[in-house]
Amino acid sequence: MTRNLLYIGCAFALLTLSTLAWGKKTFDDSLPLLNRASQALVNHNLSWLQYHIPILPAKKREPLLYVLLSQYYQLDPKPAKALIPWLQTIAKERPTLSETTLIDGYQVVRPRYDYPALARAILNHWRIVKRRQQYANQLREGTLPWQQIFSKDNPALFSEQQNVVYALSQLDPKQLRRSWQKITEHHYYFPDNSVLAAIAYHLKDEKLLALLFARPVDQYSVDTLHAIAAHYDPQQALSIFKKLLDNKHLIFYSFDAMALLAKRYPKARLYLLQQKEKGPYHQQALNVLHLHKLIQI
């Protein structure tokens, strides 16, 4: 009940913003319809949606679908199986209401309410969720097609790698170690550090973390440092960051992670202050302290 009310309330707010051009009377007349349509969508009442929405005139139907799908995507981007055929039909439609806007000196005509694009976005998210669940199941069973996914010839490598990384986060430690063992036994192509970062981070294995940080630094390495600062036991996190100071490529990133950790662990701030005073990298420590406003300039 609370979810339904939240959905409808948010939809009303969106409708207000999306339909100012309708005029107040048209907007007021649309509220009861929006209420019923919202209830039908939340309750997966496919027959209501298929019967009542198509018979509306375009000036009501298109903004209504736009608002419904906008809010559905925000609150529940994984659609119920019963809604898939309806969404697939909506995704193929061509809006009739258009607007003209000026972009770089050119007049561009585009849909006023691009509800088919929203339907496609919801369906795409649904496919991603399904694929991630499939990968998680395959990882648990030891049947993930690693060679097929992690190949230089795979045009979908990066998107599929993201799905694998998400699936790894759903595994228990035993399953993660089995996945890592599989990787070490073969020569797969990994374009970046994301897979190793996911396994090392979720296992909290300092040997694997050391292996990760011995590789060339990329955004996944840095993101892992930030995640450690936010979620690991603070004493363990500080110990990891201290060890990384031996790597000249990680000095700034290690101090930066310490500064993030310092916001919930005073000993990290104290260590940074000590490094600022007498450490071999006092200037880097000073810069990070200023950057995170842990000391006054």
Notebook entry, point to check: Mind checking which pairs have a first residue in the stretch 83-95 that is assigned by TED's automatic domain parsing to the domain that holds residue 111 and a second that is outside any loop (DSSP other than H, G, I, E, B) and of a type in the set (Val, Ile, Thr), Cβ under 7 Å, 6 or more apart or different chains?
Noted result: 87/122
Next item on the list: Just name the residue that is surrounded by the fewest Cβ atoms within 10 Å (Cβ to Cβ) out of those in the stretch 214-234 that are among the aliphatic types (A, V, I, L, M) and assigned to a helix (DSSP H, G or I).
Entry: 214
Item checked: Sole exception among (1) outside any loop (DSSP other than H, G, I, E, B); (2) farther than 20 Å from residue 129 by Cβ for residue 175, by number -> (2)
Item checked: Answer from 128, 149 - the residue that is surrounded by 14 or more Cβ atoms within 10 Å (Cβ to Cβ), outside the structural domain of residue 62 (by TED's automatic domain parsing), at pLDDT below 95 and not basic (Lys, Arg) -> 128
Next item on the list: Collect the residues in the stretch 193-213 that are of a type in the set (Asp, Glu) and outside any loop (DSSP other than H, G, I, E, B), keeping them in residue-number order.
Entry: 206
Checklist line | Lone qualifier among 118, 68 - being in contact (Cβ under 8 Å) with a residue 40 or more places away in the chain, of a type outside the set (Lys, Arg), more than 28 Å from residue 195 (Cα to Cα) and out of contact with any Phe, Trp or Tyr (no Cβ under 7 Å at 6 or more places or on another chain) | finding: 68
Notebook entry, point to check: So which residues in the stretch 37-55 are surrounded by 15 or more Cβ atoms within 10 Å (Cβ to Cβ), more than 12 Å from residue 69 (Cα to Cα) and not hydrophobic (A, V, I, L, M, F, W, C), if there are any at all?
Noted result: 45, 52
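The values are calculated or read from the model by the stated rules, or taken from the named source; none is laboratory data. Since we're looking at a predicted model, the values are computed, not measured. Neighbour counts run over all protein chains shown; Cβ positions are idealised from the backbone, glycine included.
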